[in-house]
1. Quick one: is GLY185 of a type outside the set (S, T, N, Q) and touching a Gly at 6+ places or on another chain (Cβ under 9 Å)?
2. Looking only at residues in the stretch 225-244 that are assigned to a strand (DSSP E or B) and surrounded by 18 or more Cβ atoms within 10 Å (Cβ to Cβ), which one is farthest from the chain's Cα centre (by Cα)?
3. What are the pairs, 6+ residues apart or on separate chains, where a residue within the stretch 113-142 that is part of a helix (DSSP H, G or I) has its Cβ under 8 Å from a residue that is of a type in the set (Asp, Glu) and crowded, with 20+ Cβ neighbours inside 10 Å?
4. Determine which member of the set ARG40, ARG71 is surrounded by 15 or more Cβ atoms within 10 Å (Cβ to Cβ), assigned by TED's automatic domain parsing to the domain that holds ALA128, of a type in the set (D, E, K, R) and at negative phi.
5. Does SER158 meet the test of being crowded, with 20+ Cβ neighbours inside 10 Å and more than 17 Å from LEU42 (Cβ to Cβ)?
6. Please name all residue pairs, on different chains or six or more residues apart, with Cβ atoms under 8 Å, provided the first residue is in the stretch 180-197 and is in the same structural domain as PHE170 (by TED's automatic domain parsing) and the second residue is at pLDDT below 95 and of a type in the set (Asp, Glu).
7. Looking at the stretch 151-204, which of the residues that are among the β-branched types (Val, Ile, Thr) and touching a His at 6+ places or on another chain (Cβ under 9 Å) is farthest from VAL39 (Cα to Cα)?
8. I'd like the residue in the stretch 31-76 that is among the charged types (D, E, K, R) and assigned to a loop (DSSP other than H, G, I, E, B) and, out of all such residues, is nearest to ALA285 (Cα to Cα).
Amino acid sequence: MTDGIEAGVKRCYSTWGDTYFDDYYGPDAPYPPVHVDLVRSLLDSPGIARVIDAGCGPASMLRGLPPDLERYGFDLTPEMVAAAKTVLGDQDVPPTHIWEGSVTDRSSFRGAPYDAAICIGVLPHVPAADDARVIENLHAAVRRGGLVVIEARNELFSLFTLNRYSHRYFEDQLIPTQRLREIAGEDAEELEMGIEELQGMFRTDLPPIRGGTQDEPGYDEVLSRTHNPLVLRDQMSELGFEGLQILFYHWHALPPLVGSRVPALQRRASLEIERPDDWRGLVMASAFLIAGTRR
């Protein structure tokens, strides 16, 4: 990961150490952290005694894991590391089990091999060129047959959102805009009119850009990518994982553009349709986990 990107991410999270857990995992979070139970169920397997959380934040996931597990973790942001040590210290986890590190640096995975490694909320902040390195580091961090669970934001959810993410996905991934312009010839003017009309079909002013709370950049002001779950699964397979399964979570019963009008109904209905293995999650869930074992 380039120094500039890491520096931006560290600044973004530097003010979140004390509030991040409540914001996303607490009782007043916009959506319940349904992925916690998914991760717990995946780790509830024979032979898993030591687990490392690569990018642990303020021990968001580690604090809720069974106390009989040996829990380790590291994070890029010093404030997150400090919060994690405090929380886990109250659970008798030694402070030496938590340290500063980067998922792109293999030396950060101290104490390997582990029985399992999880990586939650981190991949969006990793440049595409470093995805393979992170996957390889997670692969090396576990023993043969060890479990790895990676979380990512769902790129295909853009097909359901009807907002600027949808417009960007159509233009960047689905429509060969530049090539069409090169070969348009006498259709060039009509093509440009069509491209402009397409943009008008989406609410490109939504969702609002998430800024910082003080002078730090917000989540949408640093690198915050999405991933195609099918492509990421294939990449993990190529890099030495087997038994891969995609588990979708944070479903949306209505496109956010509509659901924002009826937020209570959106939340209630979405929780009813939460199905980690339902194919509709490809477009209706905003996030997913991929779990697999090292070959």
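1. No: the conditions fail for GLY185.
2. PHE241
3. LEU123/ASP131; LEU123/GLU151
4. Exactly one of ARG40, ARG71 is surrounded by 15 or more Cβ atoms within 10 Å (Cβ to Cβ), assigned by TED's automatic domain parsing to the domain that holds ALA128, of a type in the set (D, E, K, R) and at negative phi, namely ARG71.
5. Yes, satisfied.
6. ILE195/GLU171
7. THR204
8. The qualifying residue nearest to ALA285 (Cα to Cα) is ASP44.
The values are calculated or read from the model by the stated rules, or taken from the named source; none is laboratory data. Just so it is clear, the model here is predicted, and its values are computed rather than measured. Every residue, glycine among them, receives a Cβ derived from its backbone with ideal geometry; neighbour counts consider all protein chains shown.
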